Structure formats: C-alpha cells, structure tokens
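Undergrad: The structure is given below, and queries will be raised subsequently.
The values are calculated or read from the model by the stated rules, or taken from the named source; none is laboratory data. Computed from a prediction, not measured in an experiment: that's the story for all the values here. Don't worry about glycine lacking a Cβ; one is built from the backbone with ideal geometry, like all the others, and counts go over all protein chains shown. The area values use the complete protein model at the heavy-atom level, side chains included, leaving out ligands, DNA and RNA. Shrake-Rupley method; radii C 1.70, N 1.55, O 1.52, S 1.80 Å.
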Amino acid sequence: MSFIKRILVTGGAGFLGSHLCERLLERGHDLICLDNFFTSQKSNVAHLLDRPNFELIRHDVTLPILLEVDEIYNLACPAAPGHYQYNPIKTMKTSVIGAINVLGMAKRCRAKVLQASTSEVYGDPDVHPQVESYRGVVNPIGPRACYDEGKRAAETLFMDYHRSHGINIRIVRIFNTYGPRMHPFDGRVISNFIRQALEGEDITLFGDGAQTRSFCYRDELVEGMIRMMNGTDDFVGPVNLGNPEEFTIRQLAQLVIELTGSTSKLVKRPLPEDDPTQRRPDITLARKHLGWQPAVPLREGLAKTIAWFRAVSIADYRPPTPNY
Ligand SMILES: NC(=O)c1ccc[n+]([C@@H]2O[C@H](COP(=O)([O-])OP(=O)(O)OC[C@H]3O[C@@H](n4cnc5c(N)ncnc54)[C@H](O)[C@@H]3O)[C@@H](O)[C@H]2O)c1
C-alpha cells in the first residue's frame with residue numbers, strides 16, 4: 001500500500017490497542033487513538049505522543065463523535081472478567097452503543113471497520129476446537145453475559161450494517177492473548193500468575209487447574225488483525241485469531257514458576273461460574289484467507305512478558321476496579 005490512511009483505533013491505549021497503534025504508525029498512517037482509560041493508562045501510549053501522525057483523544061465510545069477516517073479498528077471494551085463485571089451494564093453499552101457509533105461513522109465516512117470480537121461468543125463450548133460456524137453455548141443471564149452477549153450483539157450489528165447498508169466490515173474473534181503491557185491487575189490468568197510468582201505469593205489455581213486454554217502472543221495477534229483489515233472485501237469473517245496449541249492452567253502455572261525462578265506454591269480456589277473448561281481455536285480460515293498462523297512458542301512469549309513485568313513498577317498501575 002503506497003497511500004497514507006486516516007485510521008481510528010478505539011480502545012487504542014489498551015494492551016492490544018497500543019501495540020496496534022505502534023504497528024500502524026510504523027507503516028506511516030495518520031492515527032487517532034480514542035480511549036476513556038477505563039482499563040488502561042496514558043503510559044501505554046506516552047511514547048507515541050510526540051509523533052506528528054499520532055493523536056490521542058480521551059472519549060467514551062458510547063458517546064457519538066464526528067471524525068473523518070478511512071478505517072476503524074473497534075477495540076474499546078473492558079476485556080478481563082474483573083473489569084467487565086465491575087459495571088456490567090456499562091460493559092453491554094460499550095459493546096452495543098459503541099458498535100452503533102463506529103458503524104454510523106463508517107457509514108458516514110464510507111470507512112472500513114473491524115470489530116474486535118472474542119472467543120467468548122462460543123461460551124462454554126461443546127464443540128472442540130471451535131470453528132467459526134459453531135454458534136456457541138452462552139448463558140444469557142449469567143455474570144459473564146454482559147461481555148459475551150454484548151460482543152455477540154455487536155457482531156449482529158456489524159453483519160446487519162453490512163447487509164443493510166453495504167458497510168465494509170471485518171470481524172475477528174480473538175482468543176486469549178498475552179504479552180507486554182497486559183494490565184498487571186487485570187485478573188487474567190497470565191498476568192495473575194506472573195505477578196504472583198514475581199511477588200512470591202501463592203499462585204491461585206481456579207478449580208483443579210485441568211481446564212485448558214490456548215495463548216497467543218500479542219504481536220502475532222495484532223498482525224492477524226491488520227491482515228484481516230487489509231484482506232479481500234469478500235472475506236468479512238468472523239475469523240478466529242488465536243494460538244491452537246492447548247495448555248492446562250496447571251501447566252501454565254508450572255511454566256511461569258520455572259521461568260521466574262519463583263518459590264510460589266499452587267493453591268486451589270473454586271472455579272468461577274460459567275468458566276469454560278476448554279478453549280482452542282480452529283484457525284483453518286485464518287490460514288487460508290490471511291496466510292496467518294502463530295509461531296511464537298508459549299515459553300518464548302512468556303519469557304518476554306515476564307521481562308516486561310520485571311521492568312515496570314507494578315506500583316504505578318492502579319487496579320482499575322475493586323474486582324480484579
Ligand atoms: N486480550 C485478549 O485476550 C482478548 C481476547 C478476546 C477479545 N479481546 C478484545 O480486544 C479488545 C482489546 O482488549 P485488550 O486485551 O487490549 O483489553 P484492554 O482492557 O487493555 O483494552 C481495552 C481498551 O478499551 C478502553 N475502553 C473501555 N471502555 C471504553 C469506552 N466505553 N470508551 C472508550 N474506551 C474504552 C479501555 O480503557 C482500554 O484501553 C477488546 O475489545 C477485547 O474484548 C481481547
């Protein structure tokens with residue numbers, strides 16, 4: 001691509017959003033990062049502020065805003081259970097009203113718009129690994145529903161704006177992703193384990209630790225998103241983006257202990273309600289349409305993530321909510 005695009009990244013100061021901003025700036029694009037800093041802090045993008053092609057706007061995606069853009073990556077949404085359950089009604093509004101606002105902007109500007117959806121749309125799946133055609137088992141009235149159903153409704157809105165108004169959309173379903181700049185207090189399993197190991201605290205295993213997850217390194221996930229945005233218009237998704245290699249939570253904990261050299265002990269806690277027991281993406285579509293597949297082994301990605309946790313001062317990060 002030889003021309004410069006005006007690109008909006010909502011949730012651009014977050015864990016994934018800030019890295020996406022960096023990657024798009026490297027390509028010379030004119031970037032607007034929009035964020036209300038609910039689950040992030042300015043330090044994630046502070047190093048970008050003096051770039052002439054970077055602009056930061058503090059704004060809530062549930063409120064309309066008039067911007068002139070060519071592309072929109074819609075990432076604004078609290079993503080970790082402790083964050084999205086803090087104010088579940090706001091979480092649902094962020095997904096649904098946020099989607100309506102970015103889709104309205106895409107319609108007005110004739111922009112292309114990508115939705116950061118999630119593997120949570122599959123709920124606690126009874127098909128394994130999960131393919132995009134699988135419709136999921138989601139509890140619509142449980143404590144995770146504000147996020148899961150909010151993201152499902154956002155997908156519906158994206159497809160309806162596409163069918164009704166011809167909006168050029170993309171939907172990616174992101175599976176667990178980790179890496180530098182994860183919020184140390186987000187309550188996600190990798191950040192929890194690393195923080196606990198580095199501080200010599202007990203490592204909390206929910207359930208017996210036999211539940212599985214797959215973990216994708218941040219840089220590879222962001223590459224997948226960019227490829228999807230720049231892919232052909234006849235492939236709008238949804239497409240799974242994630243690492244198909246599966247680990248038990250116990251294996252993950254043991255690897256974190258090994259890589260940090262920690263003396264932490266594993267302790268068991270009850271499994272939270274509706275916590276899925278298995279999660280692994282089928283990435284056949286991403287391979288075929290985007291030529292994308294993750295290559296960074298968990299051990300290597302974890303080592304980089306641990307190095308980042310060691311380098312930052314955890315005291316500079318406040319827990320965004322009391323729920324982590
Ligand atoms: N990281 C993962 O494993 C993962 C997995 C599945 C889906 N996702 C999706 O990717 C996106 C980014 O996730 P992340 O891991 O970077 O999380 P994150 O919490 O670091 O980033 C989300 C960003 O959105 C901002 N935000 C939240 N509500 C907002 C609002 N109303 N208006 C404006 N900004 C708002 C937050 O302040 C934060 O900067 C989210 O939409 C999430 O649902 C992430």
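Undergrad: Using the basic label-point model (7 angstrom from Cα toward the beta carbon), what is the Lys93 to Lys107 distance in nanometres?
TA: 2.2 nm
Undergrad: For Lys90, give me every one of the lysines with a C-alpha distance below 30 angstrom, ignoring sequence neighbours fewer than eight places off in its own chain.
TA: Correct list for Lys90: Lys42, Lys107, Lys112, Lys151.
Undergrad: Oh, and also: How far, in nm, would the chain grow between Phe206 and Val131 when pulled straight, counting 0.36 nm per residue and subtracting the alpha carbon separation?
TA: Fully extending the segment from Phe206 to Val131 adds 24.4 nm.
Undergrad: What distance in nm separates the two pseudo spin-label positions at Ala315 and Arg27, each 7 Å out from Cα along the beta-carbon direction?
TA: 4.1 nm
Undergrad: Taking a quarter of the surface of the convex hull around the Cα atoms of the chain, what do you get in nm²? Can you show the working numbers first?
TA: Working: hull surface 61.3 nm².
Projected area, direction-averaged: 15.3 nm².
Undergrad: With no solvent and one equal point scatterer per Cα, compute the Debye intensity ratio I(q)/I(0) for segment 35-95 at 0.16, 0.18, 0.26, 0.30 Å⁻¹ and report its log10, rounded to two decimals.
TA: Those come out to -0.63, -0.78, -1.26, -1.38, one per q.
Undergrad: Another one. Contact order normalised by length for the chain, with contacts defined as Cα pairs under 8 Å and 6 or more residues apart; what percent is it?
TA: Working: 641 pairs, mean separation 59.1, N = 324.
This gives 18 percent for the chain.
Undergrad: With every protein chain present, what is the per residue accessible area of segment 193-242 (1.4 Å probe, Å²)? Could you put the intermediate results ahead of the total?
TA: Details: 1490 Å² over 50 residues.
Ligands and nucleic acids excluded, the result is 30 Å² per residue.
Undergrad: Report the far tail of the P(r) of segment 106-183, meaning the percent of Cα-Cα pairs longer than 15 Å. Spell out each step's value before the answer.
TA: Values: 1864 of 3003 pairs.
Considering segment 106-183, 62 percent of its Cα-Cα pairs are separated by more than 15 Å.
Undergrad: Another one. Which of Thr39, Leu67, Leu25 sits closest to the plus end of the dipole of segment 1-83, meaning its Cα is farthest towards the positive end, when Lys and Arg get +1 and Asp and Glu get -1 on the C-beta?
TA: Thr39
Undergrad: Continuing with the same structure: Asp126 accessible area, nearest 10 Å², 1.4 Å probe?
TA: Roll a 1.4 Å probe over it and Asp126 shows about 120 Å².
Undergrad: In addition: What is the angle, in °, between the Cα long axis of helix 218-230 and the longest principal axis of the Cα atoms in the chain? Nearest 10 is fine, range 0 to 90.
TA: It is inclined by approximately 20 degrees.
Undergrad: If you don't mind, there's one more thing I want to ask. Report in % the part of the accessible area of segment 32-135 that belongs to carbon and sulfur, leaving out ligands and nucleic acids; probe 1.4 Å.
TA: On the way: 2470 of 4540 Å².
Carbon plus sulfur share of accessible area: 55 percent.
Undergrad: Oh, and also: Before rounding to the nearest 500, sum -39500 (n - 2.57) across all DSSP H runs of length at least 4 in the chain and divide by the residue total; then give [θ] at 222 nm in deg cm²/dmol. It would help to have the intermediate numbers written out before the result.
TA: Numbers: 9 runs with 115 residues, N = 324.
It lands at -11000 deg cm²/dmol.
Undergrad: Could you give the angle, 0 to 90 degrees to the nearest 10, between helix 15-26's Cα long axis and the longest principal axis of the Cα atoms of the chain?
TA: 50 degrees
Undergrad: Let me ask you something else. Against the globular-protein guess of 2.2 N^0.38 Å, express the Cα radius of gyration of segment 224-324 as a ratio, rounded to two decimals.
TA: On the way: Rg = 17.8 Å, N = 101, 2.2 N^0.38 = 12.7 Å.
Taking the Cα Rg and dividing by 2.2 N^0.38 Å, one obtains 1.40.
Undergrad: Turning to a different aspect of this structure: How big, in percent, is the set of alpha carbon pairs in segment 226-280 lying more than 12 Å apart?
TA: Here the long-distance tail beyond 12 Å is 78 percent of all Cα pairs in segment 226-280.
Undergrad: Please give the helix 145-165 orientation as an angle from the longest Cα principal axis of the chain, in degrees from 0 to 90, rounded to the nearest 10.
TA: Once rounded, the angle reads 20 degrees.
Undergrad: Got a number for carbon plus sulfur as a percent of segment 196-324's accessible area, 1.4 Å probe?
TA: Values: 2960 of 6060 Å².
Roughly 49 percent of what the probe reaches on segment 196-324 is carbon or sulfur.
Undergrad: A further question on this structure: Which value, in Å² and to the nearest 10, is the accessible area of Cys216 when all protein chains are kept and the probe is 1.4 Å?
TA: 0 Å²
Undergrad: Something else about it: Considering only protein heavy atoms, what per residue accessible area in square angstrom results for segment 33-168 with a 1.4 angstrom probe? Present the calculation step by step, with values, prior to reporting the outcome.
TA: Working: 6050 Å² over 136 residues.
Accessible surface, normalised per residue, equals 44 Å².
Undergrad: Quote the accessible area belonging to Trp292 in square angstrom, nearest 10, computed with a 1.4 Å probe and with ligands, DNA and RNA left uncounted.
TA: Probe radius 1.4 Å; accessible area of Trp292 about 10 Å².
Undergrad: Quick one: if you stick a label point 7 Å off each Cα along the C-beta vector at Asp160 and Asp234, how many nm between them?
TA: With each label point 7 Å from Cα toward Cβ, the separation is 2.8 nm.
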